[in-house]
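The structure appears below as structure tokens.
No value in this document is a laboratory result; all are computed from the given coordinates. Only a predicted model underlies this, so the values are computations on that prediction, with no experimental measurement involved. Positions of Cβ are generated from backbone atoms using ideal geometry, with glycine treated the same way; all protein chains shown enter the neighbour counts.
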DNA sequence: CGTTGTGAAATGATTCACAGCT
DNA sequence: AGCTGTGAATCATTTCACAACG
């Protein structure tokens with residue numbers, strides 16, 4: 001039985017990084033990886049890697065390491081990407097269009113089955129093989145296609161109202177590109193992807209450890 | 001003199017959220033905000049808000065709160081967004097084009113002064129008012145225009161090589177959209193924006209606290 | 001009164017160090 | 001010998017609680 005204690009948030013983030021690292025390697029390489037190797041590739045300690053994995057079970061063999069194929073499969077299973085997630089993109093502006101066409105989503109099991117927009121000029125058009133539907137069809141599409149995930153790329157002023165629609169339709173997870181905090185019921189998860197916030201973090205590091213010379217980041 | 005001790009990474013992230021919250025409010029609203037108000041708006045405690053701000057100085061008035069205008073200005077100064085950062089976009093594919101056209105970057109002081117790509121078909125074209133240049137011109141543009149920040153939106157296989165070019169040219173901060181970990185010298189900062197990793201976090205929460213019913217996230 | 005700023009306490013996460021397996 | 005899994009120790013972050021201030 002897997003060790004089922006508390007799971008640190010940062011560990012889950014790293015799980016994704018472990019998987020990405022494994023997937024980026026030629027599958028023909030040595031059948032096995034050690035926590036040391038994985039840690040070095042990611043700039044963290046080997047103990048950290050082992051602790052993270054230990055939250056979910058025992059995947060390694062003492063003296064040998066982790067079997068490449070097994071660990072990859074285990075990580076996918078843990079993260080929930082060993083299946084297909086029917087997803088939709090809401091808002092077919094610049095960001096929405098780029099996301100729809102991003103081929104990596106499909107290879108990761110996030111299947112964009114529809115896009116939605118309020119602009120009559122683009123409703124009915126096709127973007128990257130996905131038909132753009134009016135928002136009035138959102139509810140029925142989410143229900144009939146069992147859509148669990150929405151990628152929200154609408155303008156900030158309508159983000160909350162659109163979210164309410166999504167939640168009412170039954171969406172359980174939202175990747176939010178709009179620069180606002182969304183209020184949702186407890187059973188719905190939000191992950192934020194605000195570009196400007198990431199850039200501000202960069203600006204901070206540049207102006208803090210740059211000119212002044214001191215790099216007093218914890 | 002500002003309290004200049006250790007600065008927790010999470011605090012810097014929240015600073016951006018405080019600023020976003022303040023900027024989203026009508027400037028005509030009450031001249032003052034309390035740590036309680038700000039915390040409630042972001043789903044964190046008032047003590048957390050005060051501790052975060054205390055890392056950088058004393059901005060509030062006991063019994064009153066924080067002056068809206070002063071706090072906004074202080075946050076911009078701390079984050080380094082009270083100035084213009086000359087930036088470039090490298091890779092004019094789907095993501096690169098969306099980023100170039102994202103109007104919020106300019107209002108936040110991140111001025112995209114050029115874009116670069118290796119595809120002869122799009123070199124010379126203009127995207128959102130920005131001219132696409134060949135990579136051979138990267139070095140001279142970065143130097144003559146004092147570019148500090150690059151938004152890297154090239155395919156994963158060439159991300160590291162492109163990064164090396166950027167670093168050699170003098171770029172000091174990179175927002176990386178490619179799904180790889182970039183190796184850079186210590187004086188260069190990297191912030192990662194990998195869409196698929198964010199989606200995996202969402203999938204994890206959905207498959208973990210969903211079907212099985214237990215929400216054992218720390 | 002309400003609110004800030006801040007030590008002290010509590011909680012959370014990472015690293016250490018080593019027993020035990022291959 | 002090399003490596004995992006894990007309790008114990010260290011380090012980081014958050015919350016508590018309250019004195020001081022307007």
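Annotation for residue A:169, label-to-label distances across the other copies: 4.1 nm (shortest first, one decimal, point 7 Å from Cα along Cα→Cβ). Counting neighbouring Cβ atoms within 10 Å and putting the fewest first, the residues B:204, B:56 line up as B:56, B:204.
Taking the average, over residues, of other Cβ atoms within 10 Å as the packing measure, peptides B:116-125, A:160-169 rank A:160-169, B:116-125 from highest down. Peptides B:97-106, A:68-77 ranked from most to least packed give B:97-106, A:68-77, packing being the mean of other C-beta atoms within 10 angstrom over each peptide's residues.
Across peptide A:161-173, the average count of Cβ atoms from other chains found within 10 Å of a residue's Cβ is 1.
Relative to one another, the C-alpha centroids of the stretch B:149-193 and the stretch A:127-180 are positioned 32 Å apart.
Label-to-label distance, residue B:82 versus residue B:125, with points set 7 angstrom from Cα along the beta-carbon direction: 4.1 nm.
When all alpha carbon pairs of the stretch B:36-173 are counted in 10 Å bins from zero, the resulting P(r) reads 11, 33, 22, 18, 13, 2, 0 %. What distance in nm lies between label points placed 7 Å from Cα along the C-beta direction at residue B:145 and residue A:146? In this crude label model, residue B:145 to residue A:146 measures out at 4.9 nm. The same position residue A:141 in the other copies lies at 3.5 nm from this copy, comparing label points 7 Å beyond Cα toward the beta-carbon, shortest first.
The mean number of partner chain beta-carbon atoms within 10 angstrom of a residue's beta-carbon across peptide B:71-81 is 3. Please compute, over every Cα-Cα pair in the stretch B:75-118, the percentage with a separation greater than 17 angstrom. When every Cα pair of the stretch B:75-118 is considered, 36 percent fall beyond 17 Å. Of the residues A:192, B:87, the one with the fewest other Cβ atoms within 10 Å heads the list, and the complete ranking is A:192, B:87. A Förster radius of 25 Å, combined with the Cβ-Cβ distance separating residue A:161 from residue B:44, puts the computed FRET efficiency at roughly 0.55. Label-point spacing for residue B:45 across the identical copies (point 7 Å from Cα in the Cβ direction), in nm and ascending order: 2.7. Between A:59, A:208, A:110, the GNM of chain A built on Cα springs shorter than 10 angstrom shows A:208 fluctuating the most.
For chain B, modelled as a Gaussian network with Cα springs under 10 Å, which listed residue fluctuates most, B:174, B:112, B:197? Looking only at B:174, B:112, B:197, the largest GNM fluctuation is found for B:197. In this simple spin-label approximation, residue A:51 and residue A:68 carry label points 7 Å from Cα along the Cα→Cβ vector, and these lie 2.9 nm apart. Look at the Cα gyration tensor of the stretch A:1-93: its axes a ≥ b ≥ c give a/c of at least 1.5 with a/b over b/c, and that counts as prolate. Chain A residue nearest the rotation axis toward B, with distance: A:98, 2 (Cβ to axis, whole Å). For chain B, the relative contact order works out to 13 percent when only alpha carbon pairs closer than 8 Å and six or more residues apart are counted.
Among B:170, B:63, B:93, the residue with the largest mean-square fluctuation in a Gaussian network model of chain B, with springs joining Cα atoms closer than 10 Å, is B:63.
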